[in-house]
Structure formats: C-alpha cells, structure tokens
C-alpha cells in the first residue's frame, strides 16, 4: 500500500481520485471545509484520513506536514488538486500557484523517492496559450493559471530531482465539480488517469512532463516551457534559488 496525500481531496477531481485509490492505499485528503472533509472521510472508509487546513497559509502548511509525518513518516505520492476558479488575481496566485509550491516544498524529505502530480487543464490550451503576466480579465487569469502551473511543474521537477522525486502535471478530463457552473452539470465523475499516474511503475523515472486524461504524454514546446522560462516567470511569485 502506498501513502498518498491529495489536496482538495474532499470534493471534485481530488475526491474522485481518492475514491479510485483508497481501496488499496492509505489516503490523506486535505481541505478547508471541516464538515465536507469529515463526510468524505466517512465515505472513503478506514484507509482515509482528513486533515483540515488552508494551504495558502504558512502555518497550516507546516501543521499539516507535521501531522502527516506523525501519521506515516513518508509520502509516496502527493496529488495537488486543490484550486479555485480565478475570480481575482490575488487568489489565483495564492491558492492556484503558491499553495502548490509551498506545500510540496514543506513536505520536502517526506517525498524522497516519491511522486508529485499537479492537476492542470486542457492540453490544447496549455500548448497554444501564450505565457503572459496580465490578469485583468477572467480569461487572462485562466490562461495565466494553466501556463504557470505548467511552468511550476518544470521548476519543481528540477528542484526535487536530488530527492529522486518526480513531478508531473495532467489534465483530469472534464469532471463534475463545483469549480464553475458548467462543471456542476458534467456527468463524468471518475478520473482513472490519476491512479495510473500515481502508481504505474513505467512512470517511476518520468518527470517534468504533462499528460492528457488518457495518460498519454503531451508534447510541450521546449522553448516556452523550459527551466529558464520557469525561473524567469515564477520568480515574481515564489521564493527559490535560481539554477
């Protein structure tokens, strides 16, 4: 059994992935809503634990890391699924980007020889949208989110390479969730690609890549999504030592 942590695991994509994994793995789901989290834990069963916290705050990141260390001592897979529809720039940066980075780095050595997965968006958008820093409109914020999550994947894959930790991102498919009005109407409730990327042995050494909802590798422009570009763009939002 693997030890798997899922942020945003109390609803939507994160919860769907948790349901796929909980039968034969230990699961920790993280969320801000205590009532929803306890309900999800009860449904998932004895292999699941719920930890409450806001990962956009340093204190909660550290407290949850310490709780995980006490429970398990080691994390095999971290799935960063927490996120919100970007209604404003501040929340887009703090919740959809900075929290993923901060919590992944907080787990640090607990992830040695493990995997990090970041839930992202539509492959065509990620391939074709330009990288820009403007967030004046909803569409600009959505574009910023997708491109900067992909840059984060590249950055973390390099930072965590010395830990023998792989970092990849993926499109879960169009899944029913509360993210926005149209996703509430979707019928699809399962994310089989999450289990594949978390557990398949063929991916043990694959890092810095993006996958579609079928588990297929999506080619990324190496000039657009390079470590140099990742550092240049993300230094505006994250604290790290340039490589």
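The numbers here are math on the coordinates, done by the rules we state, and not lab data. Given the structure is predicted, the values throughout are model-derived calculations rather than measurements. For neighbour counting, all protein chains shown are included, and Cβ atoms are generated from backbone atoms with ideal geometry for every residue, glycine included.
At 0.36 nm per residue, and after removing the present C-alpha to C-alpha distance, how many nm does the segment from residue 138 to residue 122 gain when stretched out fully?
Details: separation 16, 0.36 × 16 = 5.76 nm, distance 1.62 nm.
Value of the extension gain: 4.1 nm.
Viscosity 0.692 mPa s, temperature 37 °C: Stokes-Einstein D of the stretch 3-234 from its Kirkwood Cα radius, in µm² per second?
Working: Rh = 17.5 Å.
It comes out at roughly 188 µm²/s.
Could you work out the relative contact order of the chain? I mean the mean sequence separation of Cα pairs under 8 Å and 6+ apart, divided by the number of residues, in percent. List each step's numbers first, then the result.
Working: 459 pairs, mean separation 45.4, N = 243.
Across the chain, relative contact order equals 19 percent.
Ranked from highest to lowest mean number of other Cβ atoms within 10 Å per residue, what is the order of the peptides 60-67, 124-131?
On the way: 60-67: 17.2, 124-131: 14.9.
My ranking of the peptides, most packed first, is 60-67, 124-131.
For the chain, what is the calculated [θ] at 222 nm in deg cm²/dmol (nearest 500), taking -39500 (n - 2.57) for each run of four or more DSSP H residues and dividing by its residue count? Walk me through the intermediate numbers first.
Details: 10 runs with 97 residues, N = 243.
Mean residue ellipticity, 222 nm, calculated: -11500 deg cm²/dmol.
I'd like the antiparallel share, as a percent to the nearest 5, of DSSP beta bridges with both residues in the stretch 39-174. Don't jump to the answer; show the numbers that get you there.
Values: 0 of 9 bridges.
Percent antiparallel among DSSP bridges in the stretch 39-174 is about 0.
Name the shape class, rounded, prolate or oblate, that the alpha-carbon gyration tensor gives for the stretch 37-131, where a ≥ b ≥ c are the square roots of its eigenvalues, rounded holds for a/c under 1.5, and otherwise prolate holds if a/b is larger than b/c and oblate otherwise. Walk me through the numbers before you get to the answer.
On the way: a/c = 1.66, a/b = 1.60, b/c = 1.04.
The shape class here is prolate.
In the chain, what percentage of the DSSP-assigned beta bridges are antiparallel, given to the nearest 5? Numbers along the way, then the final one.
On the way: 1 of 27 bridges.
Around 5 percent antiparallel, to the nearest 5.
Cβ neighbours within 10 Å, averaged per peptide: list 94-101, 106-113 in order, most packed at the top. Kindly include the intermediate steps, with their values, before the conclusion.
Working: 94-101: 21.2, 106-113: 16.8.
Highest-to-lowest ranking by the protection proxy: 94-101, 106-113.
For the stretch 108-130 and the stretch 41-86, compute the distance between their C-alpha centroids and round to whole Å.
Result: 18 Å between the Cα centres.
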